[in-house]
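To keep things clear, I will list the structure first and then write my remarks on it.
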Amino acid sequence: MTTRKEDTNTSRSVSDDKTTTINSADDSHHSSRRLIDKTFEKAKDNIRVATDEAHRELPRYMQTVTDNQEQIVQAARGIAENYLESQREITSSFQSIWTSFFDNYFWNSPKRMTETYARAVSSFSDGTIATIRMYNNMIFTNTGAIGMSMQYVKANTQEISRVLVNSAKMIEEATNPFQSRRD
């Protein structure tokens, strides 16, 4: 009889050890899970802080872009105006110097040459202004494209995350068939 009682006590002791081991494993699992959750929450908080900071800086960045474009436009305007003024002075100088010479020796009058040259200068100025407009349009287009690209990246990242989470859950269920029984 004592043997049987001892066997029962031994069985309980072994059973208690298994329960303690399972409880210890569960505690370790839950502890690891809490640590992982805490780490990811901290990472999310860091992302929130970084994006909030970037968002607060947007007006400064936009002002910098606006100031830069304004400087480009003003510089182009100054260049075009200086160029036109210098060409006007050059044309006036040549016109007064060469008027009598060309009228006397060539069939092409200085007035006609001056008009042609003035049209060429005007055409060059128009080309410069058109180039500046194209540059500004490219900047605005690229800014819009970058914004749309970021939206697509966000949507695609969410979809990839969803697929990966579902895959991880399926792997967890497949490798741990007793998980659903314990919970």
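The values are calculated or read from the model by the stated rules, or taken from the named source; none is laboratory data. Remember, predicted model here, so these are calculated numbers, not experimental data. Note that each Cβ is placed from the backbone with ideal geometry, even for glycine, and that neighbours are counted across all protein chains shown.
Considering (1) at pLDDT 75 or above; (2) more than 23 Å from T143 (Cβ to Cβ); (3) surrounded by 12 or more Cβ atoms within 10 Å (Cβ to Cβ), the lone condition that T99 does not fulfil carries the number (1).
Reported count of residues in segment 69-84, each being more than 9 Å from S125 (Cβ to Cβ) and surrounded by 15 or more Cβ atoms within 10 Å (Cβ to Cβ), is 3.
The requirement of being surrounded by 10 or more Cβ atoms within 10 Å (Cβ to Cβ), at pLDDT below 80 and of a type in the set (V, I, T) is fulfilled somewhere in segment 21-28, by at least one residue.
What are the pairs with Cβ atoms under 8 angstrom where one residue, in segment 58-82, is in contact (Cβ under 8 Å) with a residue 12 or more places away in the chain and more than 13 Å from R133 (Cα to Cα) and the other, located anywhere, is surrounded by 11 or more Cβ atoms within 10 Å (Cβ to Cβ) and among the β-branched types (V, I, T)? Sequence gap at least six, or different chains. Within 8 Å, the pairs are V65/I139; I79/T128; A80/T128; A80/I129. Report yes if some residue within segment 151-159 is hydrophobic (A, V, I, L, M, F, W, C), at pLDDT 85 or above and more than 28 Å from Q71 (Cβ to Cβ); otherwise report no. Checked segment 151-159: at least one residue is hydrophobic (A, V, I, L, M, F, W, C), at pLDDT 85 or above and more than 28 Å from Q71 (Cβ to Cβ).
The sole residue among A168, A174, A145 that is farther than 30 Å from H29 by Cα and either in contact with a Pro (Cβ under 6 Å, 6 or more places away or on another chain) or small (G, A, S) (or both) is A145. Could you grab the pairs with beta carbons closer than 9 Å, sequence gap of 6+ or different chains, first residue in segment 37-57 and under 19 Å from G147 (Cα atoms), second one at pLDDT below 85 and of a type in the set (F, W, Y)? Here the result reads A54/Y61, each pair linking segment 37-57 to a residue that is at pLDDT below 85 and of a type in the set (F, W, Y).
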